[in-house]
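Chemist: Mind having a look at this structure? Questions to follow.
The values are calculated or read from the model by the stated rules, or taken from the named source; none is laboratory data. Remember, predicted model here, so these are calculated numbers, not experimental data. Here Cβ is always computed from backbone atoms with ideal geometry, including for glycine, and neighbour counts include all displayed protein chains. The accessibility values were calculated without ligands, DNA or RNA, using every heavy atom of the protein model including side chains. Shrake-Rupley method; radii C 1.70, N 1.55, O 1.52, S 1.80 Å.
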Amino acid sequence: MAFPEGFLWGGATAANQCEGAWDVDGRGPAETDMLTGGTVNTPRMLTYRMPDGTEGAVPQWEGVPQGGRLAVLDGYLYPNHDAIDFYHHYKEDIALFAEMGFKQYRMSISWSRIYPTGIEDEPNQAGLDFYRNVFLELQKYGIEPLVTMWHFDTPNYIEEELGGWENHDTIALFDKYARTILTEYKGLVKNWLTFNEINNTISFLGMMAPATDEQFQGAYQHLHNKFVASAHAVKMAHEIDPSYKVGCMICGIVDYPLTPDPDDVIANRYMWEKSLFYCGDVQCKGKYGTYAKRLWDEHNVKLEITDQDLKDLAEGPVDFYTFSYYQSACVTTHTDAETTKGNMTIGAKNPYLTASDWGWQIDPKGLRYFLELIYDRYEKPLMVVENGLGAYDDLVEGENGEMTVHDQYRIDYLREHVKEMEIAIEHGVDLIGYTTWGCIDLVSAGTGEMRKRYGFIYVDKNDDGTGTMARYKKDSFAWYKKVIASNGADIA
Ligand code: BG6
């Protein structure tokens, strides 16, 4: 059997997409609280108020006008405010995860639940208590938490008043937050991730066309500051508890050249460097790749990097590499190519692949390709910490009279990806875990929809905010339970 003993099967969520309780028990606001719902064709909007009281909304990639401040406005629906109310349902949800046999549950801590604005000297006790209770509940069932420190939710105060991640001083605020949680949860957590899909900062720029040099300057500086903060967190973790392991988390989009035209092949390699290796190299090797200067020069970027930063990066490489994987895309220099959307990306359409209802190209073999390539590059243990199919689900009455979803399409998607992980392991890749995305239905990050469902557990919550929040097991629930029980041997 390919999957090693102790393989960490499980599922993944993020605080802002599942907790709800956005303003409960002292939590401060984050940008995700000011995002409306969108659809596959209409963007999520950020709502804001200007100093003169004028109100408005802009697509999330654009940012609010100069002088505006994010605001919750009447007449808009904010799906993350209640999400699936994991804040009040965590016991029930964790019991369901345990029933499936989860070995690991990937979740994130909301920074603004711990430090509401980010600048407080003392943490918010109610926030600390919430996560302690979640970890204790997981411990009850022998489920290991895998905790992401940052999953798209910097406290709003830092973003708006202090310049966010473009400001080098934000590193110290993150250091304080990281030290607090690493100290507080010693003995309850073993494995941590620093920044979710850190490489999105550059990929986002591809979503707006064309990004300016100024925007690239901001994005690369933002990333540099996150790299340093991540390195600090790794170092700190090892000092606080030498058994802590800390990983990076990369949005794993596999790119192929669309044609054998050498220009496409080169463009494709440059895409890997820009969107994947740039972050992975710094976080795994503790230094910038040789191609970094070329990437900066392309956009006249001049970074503020201190000697101390370089020393810190060298001292804080991660222990393991994790990534999300949903799809692949193609790269081309030919302007007549058909394009396709995806996870924080736009690429050329691959004629050999089918796509999800949201246009994400389904490519299980791409997962094997990625695993083998990345393992060879870094030789660090790998975890797939997000993978899954966002699909429309129909809740129907099952044979036993209970409501369910016949989600064979989800089972098929996951099975093909598990097969490819197995082959990669047989080929020598040190893959140590797999957490499917949205193991319980939650709010989509990209579109804010509930109807884009990934879970083994259906949550009765609709896009218009209605629903009972009741949880129902889909067909995939029993399938995944069997996969875990057989350690991947029975995936039929
Ligand atoms: C990743 C994120 O980008 O993909 C998750 O880490 C996100 O937060 C997931 O939910 C799936 O994307 P979406 O847009 O379908 O929710």
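Chemist: Return yes when Val72 is in a loop (DSSP other than H, G, I, E, B), within 16 Å of the ligand (Cβ to nearest atom), more than 22 Å from Tyr105 (Cα to Cα) and touching a strand residue (DSSP E or B) at 6+ places or on another chain (Cβ under 9 Å) and no when it is not.
Modeler: Answer is no for this residue.
Chemist: Hey, among Leu182, Leu146, Leu193, which residue is away from the ligand (no atom under 16 Å from the Cβ), modelled with pLDDT of 95 or more and not β-branched (Val, Ile, Thr)?
Modeler: The unique qualifying residue is Leu182.
Chemist: Can you tell me which residues in the stretch 239-260 are within 13 Å of the ligand (Cβ to nearest atom) and open to solvent by 10 Å² or more (accessible area, probe 1.4 Å)?
Modeler: Scanning the stretch 239-260 gives a single hit, Ile253.
Chemist: Quick check: anything in the stretch 436-447 within 15 Å of the ligand (Cβ to nearest atom), at positive phi and either at pLDDT below 95 or in contact with a Gly (Cβ under 9 Å, 6 or more places away or on another chain) (or both)?
Modeler: yes
Chemist: Which condition number in (1) outside any loop (DSSP other than H, G, I, E, B); (2) out of contact with any helix residue (DSSP H, G or I) (no Cβ under 8 Å at 6 or more places or on another chain); (3) of a type in the set (A, V, I, L, M, F, W, C) is the one that Val64 fails?
Modeler: Going through the list (1) outside any loop (DSSP other than H, G, I, E, B); (2) out of contact with any helix residue (DSSP H, G or I) (no Cβ under 8 Å at 6 or more places or on another chain); (3) of a type in the set (A, V, I, L, M, F, W, C), Val64 breaks only (1).
Chemist: I've got another one for you. Can you confirm whether Asp129 is without any contact (Cβ under 8 Å) to a residue 12 or more places away in the chain and in contact with a Leu (Cβ under 8 Å, 6 or more places away or on another chain)?
Modeler: no
Chemist: Looking at this structure, is Tyr48 open to solvent by less than 50 Å² (accessible area, probe 1.4 Å) and either of a type in the set (A, V, I, L, M) or closer than 30 Å to Gly10 by Cα (or both)?
Modeler: No: the conditions fail for Tyr48.
Chemist: Restricting attention to the stretch 358-381, which residues are open to solvent by 50 Å² or more (accessible area, probe 1.4 Å), hydroxyl-bearing (Ser, Thr, Tyr) and under 18 Å from Ser275 (Cβ atoms)?
Modeler: Tyr369
Chemist: Looking only at the stretch 402-421, which residues are open to solvent by less than 50 Å² (accessible area, probe 1.4 Å) and either at pLDDT below 95 or not in a loop (DSSP other than H, G, I, E, B) (or both)?
Modeler: Scanning the stretch 402-421 gives Thr404, Arg410, Ile411, Tyr413, Leu414, Arg415, His417, Val418, Glu420, Met421.
A quick yes/no check of all residues on (1) in a helix (DSSP H, G or I); (2) over 30 Å from Thr183 (Cβ atoms); (3) not acidic (Asp, Glu):
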position	(1), (2), (3)
Gly206	yes, yes, yes
Glu214	yes, yes, no
Gln217	yes, yes, yes
Tyr220	yes, yes, yes
Leu223	yes, no, yes
Val228	yes, no, yes
Lys235	yes, no, yes
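Chemist: So Val384 ticks every box in (1) farther than 30 Å from Leu46 by Cα; (2) of a type outside the set (Ser, Thr, Tyr); (3) within 15 Å of the ligand (Cβ to nearest atom); (4) surrounded by fewer than 23 Cβ atoms within 10 Å (Cβ to Cβ) but one. Which box is left unticked?
Modeler: Here Val384 clears every test but (4).
Chemist: Name, by its number, the condition in (1) farther than 25 Å from Thr335 by Cα; (2) out of contact with any strand residue (DSSP E or B) (no Cβ under 7 Å at 6 or more places or on another chain); (3) not aliphatic (A, V, I, L, M) that does not hold for Cys251.
Modeler: (2)
Chemist: Could you check the stretch 447-492 and list, in sequence order, the residues that are without any contact (Cβ under 8 Å) to a residue 24 or more places away in the chain and not in a loop (DSSP other than H, G, I, E, B)?
Modeler: Matches in the stretch 447-492: Ala478, Lys482.
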